[in-house]
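Here the structure comes first, spelled out in structure tokens, and everything after it is commentary.
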């Protein structure tokens, strides 16, 4: 068997009982064996400020950039804040896109999953993030889309997924993502 593809998972919520972290953990557990997924923490990243972009840039920026650059793909899991993505996730995009000309995002296959207690499953954040990923040249999986609504009813008190229908959908989403990463990387334009 080939070595699994290395996938960074970025979760846009810092809350301890985050539904999006529960979703990320469910996605990790349902992924095919061709993917090795790890959550990369982003809450500790100082807000991007070009004045800090020196020979002594924050060490957390350097570590984050190296980790994402080494990955084969990125999976974004995001809540919706005010019809947009959370500042912590936007900051991670900004930190990874600098210094100019050395973006860690460039040509890195990606996918987005979003969830919310509301019915529309963070649709606005999902699409707002897609706009940024177009600019960052992240080839983002288009289908299936993953807007997980009523997420507060899908997990037990330990954060485990309890909905069989959602489990089946998420498993199909992760298989499609694995196929997307493999296909995108094998085309040679994104390696």
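Taken together, the values in this text are just the output of simple stated rules run on the coordinates, not laboratory data. Computed from a predicted structure; not experimentally measured. Heads up, the Cβs are rebuilt from the backbone with ideal geometry, glycines too, and the neighbour counts pull from every protein chain shown.
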In degrees, nearest 10, range 0 to 90: what is the angle between the Cα axis of helix 59-70 and the longest Cα principal axis of the chain?
70
Using Cα centres only, tell me the gap between the stretch 9-54 and the stretch 165-188 in whole Å.
18
Considering Cα pairs under 8 angstrom that are at least six residues apart, work out the relative contact order of the chain and quote it in whole percent.
24
Please report Rg over Rh for the stretch 100-180, where both radii come from the alpha carbon positions and Rh follows the Kirkwood definition.
1.04
The chain: angle of helix 19-30 to the longest principal axis, Cα-based, in degrees nearest 10:
80
Would you mind ranking 147, 100 by Cβ crowding within 10 Å, fewest neighbours first?
100, 147
Looking at the chain as a GNM with Cα springs under 10 Å, which of 80, 53, 172 has the largest mean-square fluctuation?
53
Calculate, in nm to one decimal, what residue 135 and residue 55 gain on full extension: separation in residues at 0.36 nm each, minus their alpha carbon distance.
26.2 nm
Only one of the values (1) 167; (2) 129; (3) 118 was calculated from this structure for volume of the Cα convex hull per residue in Å³; name its label.
(3)
Please report, in whole Å³, the volume per residue of the convex hull around the C-alpha atoms of the stretch 140-191.
87
Please give the helix 87-96 orientation as an angle from the longest Cα principal axis of the chain, in degrees from 0 to 90, rounded to the nearest 10.
40
Taking other Cβ within 10 Å of each residue's Cβ, how do 120, 42, 112 sort, fewest first?
120, 42, 112
Could you list 150, 128 in order of exposure, starting from the residue whose Cβ has the fewest other Cβ atoms within 10 Å?
150, 128
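Counting helices only, and only those DSSP H runs with n ≥ 4, report the 222 nm mean residue ellipticity of the chain as the sum of -39,500 (n - 2.57) divided by its residues, in deg cm²/dmol to the nearest 500.
Per the formula, -12000 deg cm²/dmol.
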Computed curve, the stretch 71-119, Cα-only Debye sum without solvent term, log₁₀ I(q)/I(0) at 0.18, 0.29 Å⁻¹, is -0.65, -1.17
